[in-house]
Amino acid sequence: MTIKTPPKRVFDPMLPRMGQYRSIPETEDKAFSVWLQGQFDEIYSSSETPPLCPHCQSGQTVLATRAAHPKPVLPVFRCIACDVHFRRTTGTPLWALKFQNLTQFIGLLSQQRPVTEAAAILGVKPVTVSRWIRRTREWIMDLDPTGHWDSKVRLGMEIRPDIPCPNCGATDHMHYRGFTSDTGDRLCRCDACGQFARLSNVLRDQGPDFVLEHRVVNRPPSTRRKTSTAVE
């Protein structure tokens, strides 16, 4: 039995981590957005055609309540077999989740942007965007267990380059830290020795067949107020 390698998430090292000093360009994956919008349109549909029961998978379902303003926003169905009421979102990670500016959120999901910037664009709190991302990714994996579509999600992910430090040789300690003022080259800093290096020089030392990959990290909450003004 052949085990397929999960799709890799692709990141652009030249995109700034924060857009405070250098604007972050639009990098939306249009194909992903179209696919996901279609999935949302289906699950949030006002269609009165009863789906299968999410509890017992029975097809003996009927419309119980039509969608109306202000409530219910979505039609409610009833399963005759197990005598329960449900919506299309019942039993999914989207249950009881309320989105604002959904289409705009979908367009941001595949972009390499921080949660704070997405929150400002959407007009909600960063913790809300984080919750939307987490629950939407869970739902995407339910829809596509291969991970193909989930690998397109990049919003809110902080990355580290998988390269050794050219100064001390430490691995898993390099991170992006701004750009050079003369050429705009990407700068990396090693947490082990504190030295900086140009990404182009590091990649050149790896050889022509080297492929730069990244790992996603979860940064712990800062214990002090940040004072650095470097462009990351």
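At a glance:
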item	result
Qualifying residue in the range 132-146 (condition: within 28 Å of Thr90 (Cβ to Cβ), among the polar types (S, T, N, Q), in contact with an Asp or Glu (Cβ under 7 Å, 6 or more places away or on another chain) and at pLDDT 95 or above)	no
Residues of the range 15-45 classified as exposed (fewer than 12 other Cβ atoms within 10 Å of the Cβ) and modelled with pLDDT under 95, total	2
Residue match in the range 159-180 (condition: under 16 Å from the mean Cα position of the chain (by Cα) and at pLDDT 95 or above)	no
Tally of residues being small (Gly, Ala, Ser) and either closer than 28 Å to Arg154 by Cβ or touching a residue at least 24 places away in the same chain (Cβ under 8 Å) (or both) across the range 24-70	7
Output for the range 123-169, where each listed residue is out of contact with any helix residue (DSSP H, G or I) (no Cβ under 6 Å at 6 or more places or on another chain), among the small types (Gly, Ala, Ser) and surrounded by 13 or more Cβ atoms within 10 Å (Cβ to Cβ)	Gly147, Ser151
Condition check for Met141: farther than 19 Å from Gln100 by Cα and assigned by TED's automatic domain parsing to the domain that holds Ile106	yes
Arg78 charged (D, E, K, R), more than 15 Å from Leu36 (Cα to Cα) and assigned to a loop (DSSP other than H, G, I, E, B)	no
Residue within the range 95-104 that is buried (at least 17 other Cβ atoms within 10 Å of the Cβ), under 23 Å from Met18 (Cβ atoms) and at pLDDT 95 or above present	no
Only one of Pro54, Pro72, Pro50 that is more than 17 Å from the chain's Cα centre (by Cα), surrounded by fewer than 17 Cβ atoms within 10 Å (Cβ to Cβ) and assigned to a loop (DSSP other than H, G, I, E, B)	Pro72
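The values are calculated or read from the model by the stated rules, or taken from the named source; none is laboratory data. Note that the structure is a prediction, hence the values are computed from the model and not measured. Cβ coordinates were reconstructed from backbone atoms using ideal geometry, including for glycine residues, and neighbour counts include every protein chain displayed.
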